[in-house]
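What follows is a single structure, written as structure tokens, with notes after it.
The values are calculated or read from the model by the stated rules, or taken from the named source; none is laboratory data. Quick caveat, the model's predicted, so the values are computed rather than measured. Here the Cβ is made from the backbone with ideal geometry for all residues, glycine too, and neighbour counts use every protein chain on show.
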Amino acid sequence: MSGYAALVTGSSRGIGKGIALALAAEGFSIAVNAPAADGEVGQTVAELRSMGIKTHAAIADIADLSAHEAMLAGVEEALGPLTTLVNNAGVSVRQRGDLLDVTPESYDRCQAVNTRGGFFLAQAWARRALNRERPGNLHHCIITVSSSNASAVSIARGEYCVSKAGASMTARLFAVRLGAHDIGSYEIQPGLIETAMTEPVKDIYLQRISEGLTVAKRMGTPADIGAIALALATGKLAFCTGQALQADGGLAIPRF
């Protein structure tokens with residue numbers, strides 16, 4: 001799709017990479033973001049370039065607000081104006097445990113990346129988008145990747161739940177602020193997705209899935225989330241601005 005360009009934060013692996021690949025398959029230019037230029041970044045960039053896609057490595061820690069403007073400027077110099085910001089970068093808790101044992105350091109880490117970083121990056125991108133001409137045939141939007149835990153309590157990961165609830169509100173706030181300018185803001189709430197983050201507890205969740213935890217009898221994949229992000233980024237669900245799409249295999253359906 002000529003003219004579309006996306007910055008996908010946290011996209012060297014996992015859900016972010018799945019989103020980057022899905023957008024690239026439809027012709028999006030892609031900025032791959034990670035906090036450090038490691039082997040995974042190089043591999044993802046090479047994979048995207050092998051698809052014939054214009055690609056840029058945007059190395060920056062989303063939690064470092066002072067890095068946002070320089071990162072956006074570098075991306076747009078390499079790829080052209082960004083039509084799409086995917087706020088996907090996130091961290092989990094360092095250690096699951098009792099809510100009464102959560103430390104300020106662990107809480108602040110989740111907030112810094114999952115909530116604060118995404119909020120201010122969305123702000124910086126929106127300012128740029130509003131200050132330039134935007135082709136009417138190209139859908140512009142922010143996609144926030146939060147979690148089922150934006151609403152569902154996981155008592156052993158309290159600080160993570162709080163941070164994702166904040167990210168969820170961020171998506172709605174920007175939908176209201178940017179709606180009059182024909183810029184969408186959407187939220188994807190992944191459930192149990194096969195990534196490095198869930199690998200340590202994969203066997204536990206597969207057992208619970210077999211016992212009925214989800215409606216779909218499997219964990220999701222990054223490609224599942226990528227397909228949803230593509231529909232959002234290309235405006236196929238434009239009238240859903242401000243809404244959360246629960247990509248969880250039926251995990252959140254109330255059942256008796």
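You will find that of GLY3, GLY90, GLY10, the residue that is surrounded by fewer than 17 Cβ atoms within 10 Å (Cβ to Cβ) and small (Gly, Ala, Ser) is GLY3 and no other.
Per-residue answers, yes or no, for (1) touching a strand residue (DSSP E or B) at 6+ places or on another chain (Cβ under 6 Å); (2) surrounded by 19 or more Cβ atoms within 10 Å (Cβ to Cβ); (3) free of Cβ contacts under 8 Å to residues at least 24 places away in the same chain:
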residue	(1), (2), (3)
GLY74	no, no, yes
THR83	yes, yes, no
SER106	no, yes, no
VAL113	no, yes, no
GLY117	no, yes, no
ALA126	no, yes, no
VAL145	yes, yes, no
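Just one of the listed residues (VAL201, VAL215, VAL176) is farther than 17 Å from SER11 by Cα and either small (Gly, Ala, Ser) or in a loop (DSSP other than H, G, I, E, B) (or both), and it is VAL215. Taking the stretch 111-133 on its own, how many of its residues are more than 12 Å from GLY166 (Cβ to Cβ) and either at pLDDT below 95 or of a type in the set (Lys, Arg) (or both)? Residues flagged as more than 12 Å from GLY166 (Cβ to Cβ) and either at pLDDT below 95 or of a type in the set (Lys, Arg) (or both) within the stretch 111-133 amount to 4.
Restricting ILE209, ILE225 to residues that are touching a residue at least 60 places away in the same chain (Cβ under 8 Å) and among the hydrophobic types (A, V, I, L, M, F, W, C) narrows the list to ILE225. Among the conditions (1) surrounded by fewer than 20 Cβ atoms within 10 Å (Cβ to Cβ); (2) in a helix (DSSP H, G or I); (3) among the β-branched types (Val, Ile, Thr), the only one that VAL153 does not satisfy is (2).
Return yes or no: is SER66 modelled with pLDDT under 95 and surrounded by fewer than 22 Cβ atoms within 10 Å (Cβ to Cβ)? It is false that SER66 is modelled with pLDDT under 95 and surrounded by fewer than 22 Cβ atoms within 10 Å (Cβ to Cβ). Here GLU187 meets the list (1) of a type outside the set (S, T, N, Q); (2) in a helix (DSSP H, G or I); (3) touching a strand residue (DSSP E or B) at 6+ places or on another chain (Cβ under 7 Å) almost entirely, failing just condition (2). Can you find, within the stretch 194-223, the residue that is surrounded by the fewest Cβ atoms within 10 Å (Cβ to Cβ) among those that are within 21 Å of the chain's Cα centre (by Cα) and under 15 Å from ALA252 (Cα atoms)? Among them, the one singled out is MET219.
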